[in-house]
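The structure under discussion appears below in the form of structure tokens.
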4 protein chains.
Amino acid sequence: MHKIAVLTSGGDSPGMNAAIRSVVRTCAYMNVECMAIYRGYQGMIEGDFVAMNARSVNNIINKGGTILKSARCEDFKTPEGRKKAHEQLVQAGISGFVVIGGDGSFTGATIFNKEYDFPVIGIPGTIDNDIFGTRYTLGFDTALNTVVDAIDKIRDTASSHNRLFFVEVMGRDVGHIALNAGVAAGAEEILIPEENLGLDRLLESLRRSKKTGKSSSIVVVAEGDKTGKNVFELKEYVEEHLPIYDVRVSVLGHMQRGGPPSAFDRVLASRMGVKAVEALIAGKTNLMVGIIDNEIVLTPIAEAIKGHTKIDRELVRVSDIMTI
Amino acid sequence: MHKIAVLTSGGDSPGMNAAIRSVVRTCAYMNVECMAIYRGYQGMIEGDFVAMNARSVNNIINKGGTILKSARCEDFKTPEGRKKAHEQLVQAGISGFVVIGGDGSFTGATIFNKEYDFPVIGIPGTIDNDIFGTRYTLGFDTALNTVVDAIDKIRDTASSHNRLFFVEVMGRDVGHIALNAGVAAGAEEILIPEENLGLDRLLESLRRSKKTGKSSSIVVVAEGDKTGKNVFELKEYVEEHLPIYDVRVSVLGHMQRGGPPSAFDRVLASRMGVKAVEALIAGKTNLMVGIIDNEIVLTPIAEAIKGHTKIDRELVRVSDIMTI
Amino acid sequence: MHKIAVLTSGGDSPGMNAAIRSVVRTCAYMNVECMAIYRGYQGMIEGDFVAMNARSVNNIINKGGTILKSARCEDFKTPEGRKKAHEQLVQAGISGFVVIGGDGSFTGATIFNKEYDFPVIGIPGTIDNDIFGTRYTLGFDTALNTVVDAIDKIRDTASSHNRLFFVEVMGRDVGHIALNAGVAAGAEEILIPEENLGLDRLLESLRRSKKTGKSSSIVVVAEGDKTGKNVFELKEYVEEHLPIYDVRVSVLGHMQRGGPPSAFDRVLASRMGVKAVEALIAGKTNLMVGIIDNEIVLTPIAEAIKGHTKIDRELVRVSDIMTI
Amino acid sequence: MHKIAVLTSGGDSPGMNAAIRSVVRTCAYMNVECMAIYRGYQGMIEGDFVAMNARSVNNIINKGGTILKSARCEDFKTPEGRKKAHEQLVQAGISGFVVIGGDGSFTGATIFNKEYDFPVIGIPGTIDNDIFGTRYTLGFDTALNTVVDAIDKIRDTASSHNRLFFVEVMGRDVGHIALNAGVAAGAEEILIPEENLGLDRLLESLRRSKKTGKSSSIVVVAEGDKTGKNVFELKEYVEEHLPIYDVRVSVLGHMQRGGPPSAFDRVLASRMGVKAVEALIAGKTNLMVGIIDNEIVLTPIAEAIKGHTKIDRELVRVSDIMTI
């Protein structure tokens, strides 16, 4: 393993730069050459490579986004695209790569690995925390803090006016961000795809909340939740059936993906980058780096893709108790 | 002037608590009694009063929202409502009040003043900075920082994907937040109600922006802007006419109203509260406290209501130059 | 178990209020009365108790410090003091308490438990992460983010002037804050009590750092580190032996203890509070709540006091690699 | 004026990068070439110049520090040094420069201007706000927010333990940061060089503060204050004479200089940069850009150097009232 490449792929998340830095510096430490691939698999196909040394990644550990850019790439889904990518890698003398991204990025990597027996290691970078084989994905902790900070601000104005807010947060098909941020922000109700609360029980809960003397309410809604058609219809439904409430909606949107990574995500990224390079050097392949029980571990990418993370039942119960 | 009341009215803004604290402590310092009126004019009508002393406002200078709650009040728009309010004030021995709020709140105050010759002083509390007679309204600086921080985060993800973002910010009919936040966040284009850029010129600008090698773009849109019907239609229009762009929308929403006030807003609130109480004690009435040329000054409320703030032409020009 | 009390003791940490809230609300949920004890064991001895209900803890989940106040208490170290405390608890009908604090607080609790067979459960609240039986103490994650944010700021000015900074961080006898914050902030060197780097190796490392082209350097120093007598002597030593460096010192101090708790600490506090109350109701005693492998678990307080946390060797290695 | 140079000099401050960006982009907009000079006057003497275009300053508006680096330069204080600098400028075809810095930097610029009749314009960049001819220096607003945020955190722990904190803040010989941050953070006492409170009156004030029922106290101390020899001696003095207080000290240090600039500082920097370039193009010289009454104005550098800013008496009075 003389030359390792690193790329980011799919949606960006805070901590990706810290992981890039870690891969690059670990290569330098191990005396292995390192190449950056720009714009994900698209850049791989186009040979958009740049040699990196330890100083190339100065002052990026605290930056959101990814300095290598990211992109979704249709061409890499075709055999022709992957063939070109392989040619580019071979031509550049690259003998393995680390891909930082999510599900889709790993699927591409593992197909590529099978076709060309090319060593690949994945690092899970997404704010959604929806990847099997790791307790935390890179960016999840930062996104939680961003969401909670935003809801704290919304709470100020909600309390001042005795209002009910529906706050929609990211998370694709899963409710990890919603559940954790909801508990952390003291939300009165949390709507996640994994639980079908139903509109009737939502109304019931809001009625009870009003009775217990709460002067304002925050309902955190995962973007994948199906209780209402969407958060705006939820608002209309509640206003119709509970006219006592003055309801507002806030969709937090893409700010959840950015910002300087939290201390937790920076440490996690640094640890994962070391493990990824060590695995490649040790001749391992087709694995994803994860953190389980605070140990950095490796899981077959195939399992990571197939498996599903589960919502934390204990935390759902904690949430129920807290909203009394 | 033996007893002064203080209330917050209309939409809340960061710094209101700091202003309440200042009014209460200035009363204590001047040996004047102070009463808090809860829930704005509604609480005035209902006699929802609580006596305050210097310690009642401990640890609130850094809190967003308003501990006195706020509300819009239809009853105060009727002579009957104002009659009841007057009776409550008289009964409680209150001989003047300070109202912290915006246009609507001041209109109510000045009508009340005329009908009952009751001393009133206004403090402009709104994030929109749309009040004549003051260079800065309470909360404007904090809201700017909140907006700019959010756009910084969006920029991270925009840069990583070479995307165009339309970011809608608050400001009611005026573009002060959009213009200032747009310049501060390095927006490529700023759409404000005071300027009719038009869709064609927007496209032109975006085309030019792409040509100059910018890899991502942020367009800040004031909620009152009329360039498109709304920010979502802007997105569709641009995607149709400039398919080169991958466009996203983010509506920042109510988080802009909350959060701990900035240093600037806390100092401003402290200064304004002192001036308001001093004015009442000096027998003045029907005036609004403002800051002009860094001096705390008084303007007749009638003028504050009638006048219009103007967009800063120099800053529009600075924005044009910066986006080259 | 009809009535449970809760107190905070020793140094405060972010997340204590979230834990108080959780204890109070879990009691309400379980139909158990809850009493707050103010000012730690001192308040216990003086009977400074206040009944709490679910609404008593509104809007505190995001506040640093502790609304119950804390204090170190000499009287509780004496049999007489504990006797008084026991009388107060019995008189108030309290049949068990949850103490949120560190080592010293737990020692007091366990002695009290032995003398009076009084049910006690501990929740580890300290930023130092130095308590055995839990992977994370309450407040550690928040403190890390505070420290890293401060070092990010210092880095700005260090880079602008090519300076070397020694930044002293808290942590008592252990280096957990220093090690984690150092990795997260990209420190060039980290000095912790668990490793004896020695002055010579520090100079060596700084010389190498300069040679590799780094334009500025941050050295994070744990307050318990013994490499130099203190951080100011370190500065003098380095300036004398490496005059090439322009050295500055920053002692971060007590700001590390405050601020709104991070999302992680708020979730952790909520989970721990539930477990603590459940344990008391289930008749358990003399246990500390902790989090291990992401499960909320119970450890005998005796073990928690005796045991020692170890520095994470893998993270020390990651740090070495990152600073190449 | 075909080619303009820009440099940063002296201590760095947040907003310097935003000002560099503004100078560079205004040059591009005006079709004037722009050169960056690295490391202040030292780089000028050494000819450390780099050509800049509009894209060279992408994504720096939100970065603390200065991408051009800064340095204090002894050589520029000598005629020989300035001669070399002039030769370098002439050789590079530079016909005027904008220097962003403080007092010392302006002194150098104006001497250089006299000797070589070389056009210079200054932009006041320092957190201390100690420059005559401008109401606000670049970085002052950001530093205030940083200080106030830190004191908010210290307040959390002060309140939890009923402690007294002396918090030392920057500001060189003047008390602007201390006074404004003290008011904004709700400090119980503010010690500034412009006022000689004296140790006796400090004790008196602290005694009164305790009597009024305040549970904790923050005293903000300007680094230039002379009430005690330093903040640590203040602590000892108070502990000796007021043993009722448990006193702690916090010296905020260099973190006050860094961090992303506030919205205010970014807008100010953008406006000042435009004005500076316009002035050079218009043939003006030896002037400093400032903001007075919200207008961007020009003041002779000679006056800026000689003049002294005054402490705001009204704000001192507001502070007195607030601490009742």
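Each value in this text was obtained by applying a stated rule to the coordinates, not by laboratory testing. What you see is a predicted model, and the numbers here were worked out from it, not measured in a lab. Quick reminder, even Gly has a Cβ in these numbers, built from the backbone with ideal geometry, and neighbours come from all protein chains shown.
Listed values, structure above:
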read-out	value
Rounded to 5, the percent of DSSP beta bridges in the protein assembly as shown classed as antiparallel	25 percent
C-alpha center-to-center spacing [the range C:61-117, the range B:1-59] in angstrom	39 Å
B:226, C:210 arranged by Cβ crowding within 10 Å, fewest neighbours leading	B:226, C:210
With 5 Å bins from 0: P(r) over the range C:142-257, alpha-carbon pairs, percent	2, 13, 25, 27, 20, 10, 2, 0
Positive-end residue, the range C:142-257 charge dipole about Cα centroid, Cβ charges, pick of C:221, C:185, C:231	C:185
Theoretical FRET efficiency, 1/(1+(r/R0)^6), r = Cβ-Cβ of residue D:173 and residue D:75, R0 35 Å, to 0.05	0.85
Selected from C:8, C:32, C:45, residue furthest toward positive end of dipole (the range C:1-55; charges at beta carbon)	C:32
Cα gyration tensor shape of the protein assembly as shown, rounded if a/c is under 1.5, else prolate or oblate by comparing a/b with b/c	rounded
Cysteines in chain D that, by Cβ-Cβ distance, have no pairing candidate under 4.7 Å	D:73
Nearest-0.05 FRET efficiency for residue A:294 and residue C:201, computed from C-beta distance (R0 30 Å)	0.55
Cα-based equivalent ellipsoid of the range C:1-55: semi-axis lengths in Å, sorted from largest, via gyration tensor	19, 15, 7
In order through the range D:20-29: 3J(HN,Hα) via Karplus (6.51 cos²θ - 1.76 cosθ + 1.60), integer Hz, x for Gly, Pro	4, 4, 5, 4, 4, 6, 5, 4, 4, 5
Helical contribution to [θ] at 222 nm, DSSP H n ≥ 4, -39,500 (n - 2.57), averaged over chain C, rounded to 500	-13500 deg cm²/dmol
Copy-to-copy label separations for residue D:313, where each label sits 7 Å from Cα toward Cβ, in nm and ascending	3.7, 7.0, 7.3
Length-normalised contact order for the range B:28-67 - Cα pairs under 8 Å, 6+ apart - percent	35 percent
Identity and axial distance of the chain D residue whose Cβ lies nearest the axis relating D to B, Å	D:293, 2
Label geometry 7 Å along the beta-carbon vector: residue C:239 inter-copy distances in nm	2.5, 6.1, 6.5
Chain A - percent relative contact order, Cα under 8 Å, separation 6 or more	24 percent
P(r) of chain B over all Cα-Cα pairs, binned every 10 Å from zero, in whole percent	6, 27, 29, 18, 13, 6, 1
Nearby aspartates and glutamates by direct alpha-carbon distance to residue D:69 (threshold 17 angstrom, same-chain neighbours under 8 apart not counted)	C:152, C:156, C:246, D:12, D:46, D:48
Reachable lysines, given that their alpha-carbon falls under 19 Å from the alpha-carbon of residue D:114 and they are not under 8 places away in the same chain	D:77, D:83, D:84, D:284, D:306
Calculated FRET efficiency for the pair residue D:215/residue C:314, C-beta based, R₀ 35 Å, to 0.05	0.20
Length-normalised contact order for the range B:141-257 - Cα pairs under 8 Å, 6+ apart - percent	38 percent
Paired Rg and Dmax values of the range B:22-104, which use every Cα atom, in angstrom	13.2, 38
Cα centroid separation, the range B:253-275 to the range A:290-324 (Å)	41 Å
Size of electric dipole in the range A:6-63: Cβ of Lys, Arg +1 and of Asp, Glu -1, about Cα centre, debye, nearest 20	260 debye
Per-copy distances of the residue A:204 label point, shortest first, in nm (7 angstrom along Cα→Cβ)	6.1, 6.7, 6.9
Distance from the range C:154-194 to the range C:205-224 (C-alpha centre basis), Å	9 Å
Point-to-point label distance, residue C:2-residue D:31, nm (Cα→Cβ direction, 7 Å offset)	9.1 nm
Cα gyration tensor shape for the range C:68-146, rounded if a/c is under 1.5, else prolate or oblate	prolate
Alpha-carbon spread of the range D:1-144, three principal axes, descending order, Å	40, 31, 23
Sorted by Cβ density within 10 Å, fewest first, the residues A:207, D:82, B:257	A:207, D:82, B:257
Neighbour-count order for A:37, B:301, fewest beta carbons within 10 angstrom listed first	B:301, A:37
